[in-house]
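Here the structure is laid out as C-alpha cells; the discussion comes afterwards.
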Amino acid sequence: MKPVLRALVLAFAGVAAACTVQNPPPAVTTEPASFPKTTATGTATGTAAAPTALAAAPTRLASQPFVPPHWSVGDTWRYSDGYGMTVVESNGETAKFQRLDDPAQWFVMRGLFREETKSRAALRNVVFRSENPMELFGAPAGKPIVFMREYTRNGVTVRHRTSWTIEGRETVTVPAGTFDTVVAVMRTRSLTGNWVGYERWWYSPAARNYVRMEYRYGETPESSRVLVSYSVK
C-alpha cells in the first residue's frame, strides 16, 4: 500500500474508533421514602399528610363480608393518647359508650355512625339523614356513601354533608396486637359554614372498633391514635 493511502486509512480508522466510545450511564440516586416518625407506642409524631388512598395488603378479610359490629356491655378500648371508652348500654343494634378518660362524656353509635353525643360543650342529637349510612356495609371499595346529616346542637339545628368510603383492607400492627382491618374514610363539611373534618379508620372486626385512627376536625392539627389494649365479650 502506498504511504499516502495507508496514512488516510489509519486516520479514518482512528476517527471511527473514537466515535464508538460511549460515555458511561449517569449514576442514579434514589431518595429514601419519607414516613411519619413513630414512638414506641406506635403514635405518629410526624406531620401527617392529607388523606390519600392506601394500598391494602392482603388479609383474611378479603373474602369476608363487612358487617356492622355488635357490642356487649363491658366491652372496653384504651388508646395511645389516653382516650378510652366502654360500653354501658347495648340493645344489639346500637350501643352507648362512656369515655373512660372523661366519664361525663358519652355517645350512642349504630355501626360506625354516631347518633347522639354528649361532649363538654354540647349535646348533639341526629334528627334527619337523607340516605341510609348503613349502606356502607356491603358497599364496594372506592364507592362513597353520601348522606346529609341534620342534628340539634344545644337546640340549634346544624346541617352537614357527610361521606364514608371503604378504601380497602390491610393488616396492621399496633401495641394491642396485629389485626386484619377494613380501611374506611369519613369526610364531612358544614352546609352553613366553613367547618370540615375527616377520620380514617382501620376498623378491626375482631376488636369491634378501630385499632388506628387518623383525624382532623376544623382548624385543629391533624392527629392519630392507636389501640393499646381492649376487651370484648
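A few notes on this one:
- Residue selected from the stretch 158-183 under the condition in a strand (DSSP E or B) and of a type in the set (A, V, I, L, M), by the criterion farthest from the chain's Cα centre (by Cα): Val158
- Of all residues in the stretch 82-105, those that are in a strand (DSSP E or B), over 15 Å from Thr117 (Cβ atoms) and small (Gly, Ala, Ser) total 2.
- Residue match in the stretch 196-208 (condition: modelled with pLDDT of 95 or more, in contact with a Pro (Cβ under 6 Å, 6 or more places away or on another chain) and closer than 16 Å to Pro69 by Cβ): yes
- Leading residue by the ranking (surrounded by the fewest Cβ atoms within 10 Å (Cβ to Cβ)) among those in the stretch 135-166 that are farther than 15 Å from Phe113 by Cα and hydroxyl-bearing (Ser, Thr, Tyr): Thr157
- A residue that is part of a loop (DSSP other than H, G, I, E, B), crowded, with 20+ Cβ neighbours inside 10 Å and over 16 Å from the mean Cα position of the chain (by Cα) can be found somewhere in the stretch 203-226.
The values are calculated or read from the model by the stated rules, or taken from the named source; none is laboratory data. Predicted model only: the values in this text are computed from it and were never measured. With ideal geometry, Cβ positions are generated from the backbone for all residues, glycine too; neighbour counts draw on all protein chains shown.
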